[in-house]
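Quick note: the coordinates plus some simple rules give every number you see, no bench work behind them. The structure displayed is predicted, hence computed values, not measured ones. Cβ coordinates were reconstructed from backbone atoms using ideal geometry, including for glycine residues, and neighbour counts include every protein chain displayed.
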Amino acid sequence: MLKPIKIKEDLFYLGVNDRTKALFENLWTLPKGVSYNSYLICDDKTALIETVDICYSDVFLQKLETALAGKSLDYLVINHMEPDHSGSIGLLRTKYPNVQIVGNKRTIEMVNGFYGINAGTNIINEGDQLSLGKYNLVFYLTPMVHWPETMMTYETTDKVLFSGDAFGTFGALDGGITDAQMHPEKYFNEMVRYYSNIVGKFGSPVQKALEKLAPLDINYICSTHGPIWTIKEEINRVVSLYDKLSRYEGDNGVVIAYGSMYGNTEQMAEVIATELAQQGVKDIVMHNVSKSSQSYILRDIFKYKGLIVGSPTYNNKLFPEIEYLLSKIEGRDIKNRYFGYFGSFTWAGAAVKRLAQFAEDVKFEIVGTPVEMKQAMQPDKYEEAIELAKAMAEKIK
Ligand code: FEO
């Protein structure tokens with residue numbers, strides 16, 4: 001039997017860890033699992049913030065019952081309807097038929113659409129308040145972070161922000177649930193990966209949400225995934241990180257993502273990486289696209305302002321895994337990247353042409369002269385690769 005964890009007086013953590021799923025959304029790798037966070041405020045009235053993935057309903061409902069300690073459940077506040085959080089709504093309603101479901105108009109439509117529930121729902125609007133007694137909830141609509149119904153709920157007495165997916169991370173919670181109970185450093189890379197994989201397309205809505213939150217004094221950020229942020233410096237850090245990511249601002253580093261069947265294109269990637277280092281670029285991340293998960297490649301593209309892509313020609317097109325990566329970059333509207341590219345072919349070149357088209361489509365700034373190699377690297381192509389690396393290093397420095 002698992003018990004709720006007290007975060008502070010009257011606030012309980014009811015979240016669960018998923019170390020079983022291989023892929024989040026059936027797309028994104030989860031080597032360290034993920035947590036689905038849910039919270040209960042126990043006041044004159046009780047309010048549950050989010051449920052959890054349906055696979056964990058049983059343990060979640062047990063925790064809820066224990067935390068309620070005989071009280072009735074008055075409200076379920078839904079900040080986000082994606083089923084990793086809304087999955088247990090149907091069972092919750094069966095167990096607590098009188099619970100009032102609180103959400104904005106889009107949320108309540110989805111509650112009906114996903115779970116066939118259309119009674120006992122309360123539609124709230126921007127800035128509406130819900131008093132629980134000692135504690136008071138205010139609702140902030142933050143659409144498209146990263147679904148249309150996404151919102152955040154701010155508890156004004158203890159200054160707790162229930163932020164939905166925003167400021168969340170991949171990675172299950174290994175014992176500690178707050179930043180103060182752990183060394184939270186390991187979660188920051190996983191926050192960037194979560195952001196780039198899940199939220200990345202919606203930089204502008206995230207900026208609007210951050211503007212809306214800016215006047216709030218925040219003592220706790222209770223997200224739907226990963227640690228609860230309670231230390232001022234960490235709260236500032238996660239908010240700054242979201243600001244930076246949603247402005248597509250990269251650090252001074254270069255990602256080299258390449259495909260290679262027999263190692264020739266890879267050799268060119270190695271030459272470029274070595275020269276970048278010679279030129280003083282310290283953050284260079286190489287990804288063999290056939291080996292690295294796209295989830296991590298995207299994370300690193302969000303982290304760094306330089307991107308170099310290399311691809312062989314395959315069936316008169318790009319190497320398939322490179323094409324797949326480009327579609328993911330395009331799908332996220334990533335901006336402001338310095339872009340270099342190179343490619344290879346055996347009898348007829350197509351890769352470099354397609355990479356040029358991609359650069360034009362996404363409006364990346366092309367750096368240096370693209371290198372196109374026939375079969376294996378000859379001295380002239382070696383020199384061209386060096387020049388490409390020098391041009392990129394110049395931009396990065
Ligand atoms: Fe964690 Fe958008 O669901």
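Put a plus charge on the Cβ of each Lys and Arg, a minus charge on the Cβ of each Asp and Glu, and nothing anywhere else: the dipole of the range 58-172 about its Cα centre is then about 260 debye. Farthest toward the positive end of the dipole of the chain, out of Ile218, Met152, Thr66, is the Cα of Thr66, where the dipole comes from beta carbon charges about the Cα centre.
Each peptide in 135-145, 164-174 was scored by the mean count of other Cβ atoms within 10 Å over its residues; highest first, the order is 164-174, 135-145.
Residue separation of Thr346 and Lys105 scaled by 0.36 nm, minus their Cα-Cα distance, works out to 81.1 nm of gained length. With q set to 0.12, 0.20 Å⁻¹, the log10 of I(q)/I(0) for the range 127-270, from the Debye formula over equal scatterers at the Cα positions, is -0.55, -1.23.
Placing unit charges on the Cβ atoms only, positive for Lys and Arg and negative for Asp and Glu, gives the range 251-396 a dipole magnitude near 380 debye about its Cα centre.
For the options His85, His225, His183, a Gaussian network treatment of the chain with springs between C-alpha atoms closer than 10 Å singles out His183 as fluctuating the most. Compute the FRET efficiency between His183 and Lys244 as 1/(1 + (r/R0)^6), taking r as their Cβ-Cβ distance and R0 = 22 Å, and round to the nearest 0.05. My answer for the efficiency is 0.50. Remark on Tyr304: its backbone amide H falls under 5 Å from those of Asp251, a criterion applied only to residues 5 or more positions apart or on other chains, H modelled at 1.01 Å from N.
When only Cα pairs below 8 angstrom with a gap of at least 6 residues are kept, the chain shows a relative contact order of 11 percent. Taken over the range 251-396, the convex hull of the Cα atoms encloses 89 Å³ per residue. Calculate I(q)/I(0) for the chain by the Debye formula, one identical point scatterer on each C-alpha and no solvent, and give its log10 at q = 0.07, 0.08 Å⁻¹ to two decimals. The Debye formula, applied to the Cα set alone, gives -0.38, -0.48. The P(r) of the range 111-195 has a tail past 17 Å containing 64 percent of all C-alpha pairs. Ordering Thr20, Leu161, Val362 by Cα displacement along the dipole of the chain toward the positive end leaves Thr20 in first place; charges were set at the Cβ atoms of Lys, Arg (+1) and Asp, Glu (-1).
Think of each Lys and Arg Cβ as +1 and each Asp and Glu Cβ as -1; about the Cα centre, that makes the dipole of the chain roughly 180 debye.
Its residues counted as N, the range 26-124 yields a C-alpha radius of gyration over 2.2 N^0.38 Å of 1.06.
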